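> Got a structure here, written out as structure tokens. Questions coming.
Values in this text are rule-based calculations from the coordinates and carry no lab data. These numbers come from a predicted model, not from an experiment. Methodologically, a virtual Cβ is constructed for each residue, glycine included, from the backbone with ideal geometry; neighbour enumeration extends over all protein chains shown.
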Amino acid sequence: MVLLEFSMSPLDKGVSLSPYVARSLDIIDKSGLPYQLTPMGTIVEGEWDEVMALVTACYQRMSQDCDRISTSMRIDYRAGKSGRLKSKIEAVEGRLGRSLSK
């Protein structure tokens with residue numbers, strides 16, 4: 001199972017990019033894969049082919065009207081483990097004995 005954190009944004013559309021990011025989030029939300037939106041990107045959990053297909057779908061949509069796109073990705077694979085989107089946070093909170101800001 002893969003946790004993939006990625007950020008994708010156009011470089012040719014000025015400083016307000018939320019309309020373009022929202023289109024990607026619509027694709028991600030409709031995918032059915034577990035995800036977490038953060039201020040700097042999105043974390044998606046799934047099998048390798050699923051998460052890569054999702055990044056590809058976001059790229060294809062953005063490239064329809066954006067001539068320059070920046071993408072960054074980080075991938076964490078762990079065999080046989082799912083639910084890590086939440087369990088990794090819960091493990092740290094358990095060690096601290098308290099909930100952390102979300």
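> How far is the Cα center of region 24-54 from the Cα center of region 59-102, in Å?
After rounding, the separation between the Cα centres reads 8 Å.
> Once you place label points 7 Å from the Cα toward the Cβ at Ala57 and Gln36, how far apart are they in nm?
2.2 nm
> Give me the net charge of Ser31's neighbourhood, meaning all other residues with Cβ under 14 Å from the Cβ of Ser31; Lys, Arg count +1, Asp, Glu -1.
My count for the surroundings of Ser31 gives -3.
> Let me ask something else. With labels modelled as points extended 7 Å from the Cα through the Cβ direction, what inter-label distance (nm, one decimal) is found for Leu11 paired with Gln64?
2.4 nm
> Next up: Straight distance only, please: which aspartates and glutamates reach the Cα of Lys86 with their own Cα at less than 18 Å, same-chain residues fewer than 8 apart left out?
Lys86 reaches Glu5, Asp29, Glu45, Glu47, Asp76.
> How much net charge surrounds Cys66 when only other residues with a Cβ under 11 Å from its Cβ are counted (Lys, Arg +1; Asp, Glu -1)?
+1
> Would you kindly derive the ³J(HN,Hα) couplings of region 6-13 from the backbone phi angles with the Karplus curve 6.51 cos²θ - 1.76 cosθ + 1.60 (θ = phi - 60°), listing them in order in whole Hz, with x for Gly and Pro?
Computed from phi, the couplings for region 6-13 are 9, 9, 9, 8, x, 9, 10, 10 Hz.
> Rounded to whole Hz and in sequence order, give me ³J(HN,Hα) for region 19-30 from the Karplus expression 6.51 cos²θ - 1.76 cosθ + 1.60, θ = phi - 60°, writing x for Gly and Pro.
x, 7, 5, 4, 5, 5, 5, 5, 4, 4, 4, 6
> What's the angle, to the nearest 10 degrees (0 to 90), between helix 84-96's Cα axis and the longest principal axis of the chain?
Approximately 50 degrees, to the nearest ten.
> May I pose another question? Calculate for the chain the 222 nm mean residue ellipticity that helices alone would give, adding -39,500 (n - 2.57) per DSSP H run of length 4 or more and normalising by residue count, nearest 500 deg cm²/dmol.
Helix contribution divided over all residues of the chain: -13500 deg cm²/dmol.
> Mind checking the alpha-carbon convex hull of region 2-96 and giving the volume per residue in Å³?
With only Cα atoms used, region 2-96 gives 99 Å³ per residue.
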